[in-house]
Amino acid sequence: MKELLKELCLLDGISGDEQRVREYILDKIKGFCEYSVDNLGNIIAFKKGKNKRDKKLMVSAHMDEVGLIVTSVNDDGSLNVDTVGGIETSAIIGKRVFVGEKRISGVVGSAAIHNISKEDRKKAPKLSDLSVDIGAPDKNEALKYVSVGECVTFDSDFTELGDNKIKAKAIDDRFGCAVMIKLIQSELDFDTFFAFLVQEEVGLRGAKAAAYSIAPDAALVIEATTACDIPGAEEEKRVCVQGMGPVVSFMDRSTIYSKELYSLAFEIANEKGILCQTKTMIAGGNDAGAIHTARGGVKTLAVSLPCRYIHSPSSVADMRDLESSYELIKQLVQRI
Amino acid sequence: MDIKKTLIELCSAYGVSGDEFSASDVAKKYLSKYMTKVTVDGFGNVYGDMNFGRKKRILLDAHIDQIGFIINYVTEDGFLKFSPVGGVDTRLLPAQKVYVISPNGDISGVITSVPPHISKGDEKATNIDDLYIDTGLDGDTAKRNIPLGTRAVFCAEPKELLGDRITSPAIDDRAGVVTILRALELVGKDSGYDISVAFSCMEETGESGAKMTSYNAECDLAIAVDVSFANAKGEDKNKCGEMGKGAMIGISPTLSKEMSKALIKLAEKNNIPYQTEVMSGETGTDADAIGVSRSGVMTATVSVPIKYMHTPVEVVSVSDIENSARLIAEFLKDGTI
C-alpha cells in the first residue's frame with residue numbers, strides 16, 4: 001500500500017491534467033476488470049465479483065490534485081499563476097514547483113521579507129504578489145520553455161516521518177486511488193463499479209458525469225480529509241485525529257450522508273475491531289456532493305483518511321490509518 | 001574552480017547561526033586550497049592568512065551562518081516549538097519541509113499549517129506562535145532525541161534552474177564565500193596587500209562573528225562580501241540591483257568612499273559588469289562591525305544580487321558571483337590604497 005501510494009503521489013496531475021495518473025492506474029488495473037474512459041477522462045471500471053449484487057454500488061476516488069496554472073508571463077521572465085483548487089497562498093510561497101509539460105523546475109518567490117512593511121508582514125500574501133521563477137532572464141526566454149495555460153505542480157518528495165507517518169503531496173486523493181487499485185486487483189464477493197474521477201478540486205465535475213453513467217443505487221467515496229490534531233486546536237476543532245482510523249462523516253458542507261450506511265460502517269468497525277472515527281466539524285466536502293444527487297438520488301457514504309496539512313506540498317498521513325481505512329473499505333464493499 | 005559545484009556543496013552544509021561547524025568545515029576545506037594557514041576557532045569562524053610582505057593587510061569577509069530555527073520546547077504529543085534564528089519570513093513557513101539537526105542525526109519534519117477552519121480570516125498571515133514542527137515522533141521519543149537548543153533548517157537540496165541560476169537555502173551568504181574563494185584563485189600571488197580571510201559566524205543574529213574575526217585580523221582595510229536584493233516581482237526596482245548585471249558596489253556614509261570609488265574605477269577599467277548599491281547608513285552586513293573594529297577599518301561592500309532572500313528558494317546567477325570575484329581580484333592586484 002505504501003509503495004503504491006508513493007508512486008501515485010509522485011505523479012503530477014492537477015485538475016484537468018490527470019492523464020499521467022490515469023495511465024498509471026489503467027496499467028495497474030488492466031486484466032483485473034472491464035473498464036472504459038469517458039469523455040471527461042474518468043475511468044469507469046467494472047469488477048466482476050463471485051456473485052451478482054442486488055443493488056449497484058459505485059466506489060469512487062478522484063485522480064486530480066490541487067496546483068497552479070500559468071496565466072501570463074512578466075517581462076522579467078517570471079510567471080503569474082492562479083490556483084487550481086483551494087490552496088492558500090501560505091502553502092505556495094517559498095515552495096518549489098515543476099512547470100508545464102517539460103517539467104521545468106521553478107520556485108515561488110515574493111519580495112524579500114526585509115522589503116515588506118511591518119503591516120504587510122502580518123497579512124497573508126496576495127496571489128498577485130507572488131510569481132513563479134524558472135530562472136529565465138526575460139519573457140522571450142521564458143516562453144521558450146513554458147506556455148500560458150500550462151500546469152504547475154508541487155516539487156515534493158515522499159518521505160517517512162517518525163515511526164508511522166508519511167509526508168507527500170497529493171495524498172488527497174491518491175490514497176483513494178491506491179485503495180481502489182488494490183480492491184480491483186483482489187477478489188471481490190460482489191460485482192462492483194469503480195470510478196477514478198477527474199476535476200474534483202474544481203467543483204466535483206468528474207463525479208457528476210460518472211454517477212450519471214453508472215447510475216448506482218449506493219456510492220462509497222474514498223477520500224482524504226483535514227486532520228487538525230495539532231497544537232492550538234482543541235476538542236472539536238481538531239476535526240479528526242491521526243492514528244484513530246478512517247473518518248466516516250455524517251455531514252459535511254456538500255452532503256448529508258446516508259444514515260443507513262453511516263451506521264453500517266460503525267457496525268462493521270465494531271464487529272471487526274477496526275478503529276474508526278467521525279468528523280467533529282461540519283467542514284469540507286467531496287465528490288459525494290455530486291454523487292448523492294445523481295439521477296433520482298444515491299445513498300452515499302464517504303470514508304476518509306485523516307490528513308494533516310492537506311492541499312499543501314507537505315501533507316502528512318499515518319500509515320496505521322492507511323491500513324485500517326483499507327480494512328474498513330474492503331468490508332464495506334462486501335456488505336453494502 | 002567550478003563555481004556552481006562549490007556553491008552547491010557549501011549550500012548543502014548546515015550552519016544555522018551559533019552552530020556553524022558543518023558549514024565551516026566545508027569552507028575550511030576549500031579555503032585551504034588557496035591559503036596555507038587555515039583554522040576554525042571555537043565559535044565556528046574560519047580564518048585564513050596569506051602574507052606577501054606588503055604594507056597593508058586587507059580582510060575579505062563573508063558570513064558562514066544562515067537563517068534557521070532553534071527548538072525551544074517539545075509538547076507532550078511530540079510537536080516541536082521553535083523560534084526563528086535570524087530574519088525568517090513567517091508567511092512562507094506552513095507546510096515547509098525541514099531537517100531537525102539532532103545529535104543523533106537529521107530528523108525530517110514538516111512545519112504545521114493551520115487549516116482555514118481555525119485560522120482567523122485570510123487577511124492575517126501565519127502567526128509564528130501557532131506553528132510547530134511535526135516530526136511524526138511521539139512525545140517521549142521526540143524529547144529523548146531532540147534536546148532544547150537543537151537547530152532546524154529548511155530542507156531543500158540546491159537545484160539548477162534555467163541558464164546559470166541556482167536555487168537553494170543559504171545562498172545568503174555561501175555565495176559570498178564562493179566569491180572570495182574564486183577571487184583568491186584569480187589573484188594567485190599577485191596581491192598588493194597581505195590578505196586575511198574570515199568566514200564569520202552569527203551574522204544573521206547581529207554580526208557577532210565579524211566583531212571577533214576583524215579584531216583578530218587586525219587589518220587596514222576590508223571588503224565584506226554579502227548578498228543583496230535583486231529585483232523581482234513585488235520588489236521596488238529602485239531599491240534593488242538586477243540579477244545578471246554584476247557585482248553590487250556599496251556606497252554609504254558608513255563605508256570608505258575611497259574604496260567604493262576605486263572599485264567602480266577598476267570595474268570600468270577592466271570591463272567588469274557592476275552596479276551600485278546606495279545605502280543611507282549602516283549596511284546590514286558584517287561591514288558594520290568590521291568598520292569599527294579596533295581603531296577603525298576602511299571598509300567596502302561587494303554584494304552578489306540574489307532573489308527571495310531569507311527563503312528556502314533563494315536564487316543566484318553564477319555570472320554575478322564570477323563578476324564579483326573578478327572585481328575583488330582586481331582590487332587586490334591594484335593595491336594602491
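The values are calculated or read from the model by the stated rules, or taken from the named source; none is laboratory data. What you see is a predicted model, and the numbers here were worked out from it, not measured in a lab. We place every Cβ from the backbone using ideal geometry, glycine too, and count neighbours over all the protein chains shown. Ligands, DNA and RNA are excluded from the accessible area calculation, which covers all protein heavy atoms including side chains. Shrake-Rupley method; radii C 1.70, N 1.55, O 1.52, S 1.80 Å.
Summary of values
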{"read-out": "Cα centroid of region A:129-192 to Cα centroid of region B:223-280, whole Å", "value": "41"}
{"read-out": "In degrees, nearest ten, helix B:257-269 long axis to first principal axis of chain B (Cα)", "value": "80"}
{"read-out": "Beta bridges per DSSP with both ends in chain A, % antiparallel, nearest 5", "value": "65"}
{"read-out": "Percent accessible area from carbon and sulfur atoms, chain A, protein chains only, probe 1.4 Å", "value": "48"}
{"read-out": "Signed unit charges on C-beta, dipole axis of region B:68-154, positive-most listed residue B:84, B:95, B:73", "value": "B:84"}
{"read-out": "Part-to-part distance (alpha-carbon centres) for region A:237-257 and region B:17-96, which is given in Å", "value": "46"}
{"read-out": "Computed [θ] at 222 nm, helices only, for chain B once each DSSP H run of length n ≥ 4 contributes -39500 (n - 2.57)", "value": "-8000 deg cm²/dmol"}
{"read-out": "222 nm mean residue ellipticity, helices alone, for chain A (DSSP H n ≥ 4; -39,500 (n - 2.57); rounded to 500)", "value": "-8000 deg cm²/dmol"}
{"read-out": "Span-like helix ranges in chain A, DSSP H, alpha carbon extent 18 angstrom or more, Kyte mean at least -1.0", "value": "A:171-185, A:259-272, A:319-335"}
{"read-out": "Carbon + sulfur, % of accessible area of region B:68-154 - ligands and nucleic acids excluded, 1.4 Å", "value": "47"}
{"read-out": "Net dipole in debye of region A:140-298 [+1 Lys, Arg Cβ; -1 Asp, Glu Cβ; about Cα centre; nearest 20]", "value": "320"}
{"read-out": "Test item: Cα-centred dipole of the protein assembly as shown, Lys/Arg +1 and Asp/Glu -1 on Cβ, debye", "value": "680"}
{"read-out": "Size of the A/B contact, given as accessible area buried on both chains, probe 1.4 Å, in Å²", "value": "4600"}
{"read-out": "Nitroxide proxy distance, nm - points 7 Å out along Cα→Cβ at residue B:2 and residue A:251", "value": "6.3"}
{"read-out": "Estimated inter-spin distance, residue A:10 and residue A:280, nm [label 7 Å along Cα→Cβ]", "value": "3.7"}
{"read-out": "FRET efficiency for residue B:52 and residue B:292, using Cβ-Cβ distance with R0 set to 22 Å, rounded to 0.05", "value": "0.25"}
{"read-out": "Averaged over B:96-107, number of beta-carbon atoms from partner chains that fall within 10 Å", "value": "2"}
{"read-out": "Spin-label pair residue B:75/residue A:235, simplified geometry with 7 Å Cα→Cβ offset, distance in nm", "value": "1.7"}
{"read-out": "For region B:124-184 versus region A:273-309, the gap between their alpha-carbon centres in whole angstrom", "value": "38"}
{"read-out": "Heavy-atom accessible area per residue - region B:68-154, 1.4 Å, Å²", "value": "39"}
{"read-out": "Folded to 0 to 90 degrees: helix B:171-187 orientation relative to chain B principal axis, Cα", "value": "30"}
{"read-out": "Loop-located chymotrypsin sites (Phe, Trp or Tyr not before Pro) in region A:141-241 whose Cβ has at most 10 other Cβ within 10 Å (DSSP)", "value": "none"}
{"read-out": "FRET E, pair residue A:182, residue B:128, Förster distance 41 Å, beta-carbon r, rounded to 0.05", "value": "0.50"}
{"read-out": "Relative contact order of chain A, defined on C-alpha pairs under 8 angstrom at six or more residues apart (%)", "value": "23"}
{"read-out": "Residues whose placed amide H lies under 5 Å from that of residue B:222, excluding near-sequence neighbours", "value": "B:59, B:298, B:299, B:300"}
{"read-out": "Accessible area per residue in Å² at 1.4 Å probe, computed on region A:178-251", "value": "32"}
{"read-out": "Trypsin sites (Lys or Arg not before Pro) restricted to region A:232-281 and DSSP loop, no more than 12 other C-beta within 10 Å", "value": "A:253"}
{"read-out": "Average beta-carbon neighbours from other chains, 10 Å sphere, peptide B:306-316", "value": "6"}
{"read-out": "Average beta carbon contacts from partner chains per residue of B:154-167, 10 Å cutoff", "value": "5"}
{"read-out": "Filtered GluC sites (Glu not before Pro), region A:90-199: DSSP coil and at most 10 other beta carbons within 10 Å", "value": "A:187"}
{"read-out": "With Cα atoms, 0 to 90° folded angle of helix B:21-31 axis to chain B main axis", "value": "30"}
{"read-out": "Per-pair calculated FRET efficiency, R0 = 56 Å: residue A:56 and residue B:36 via Cβ, rounded to 0.05", "value": "0.10"}
{"read-out": "Per residue accessible area in Å² of region A:67-154, where ligands, DNA and RNA are left out and the probe is 1.4 Å", "value": "41"}
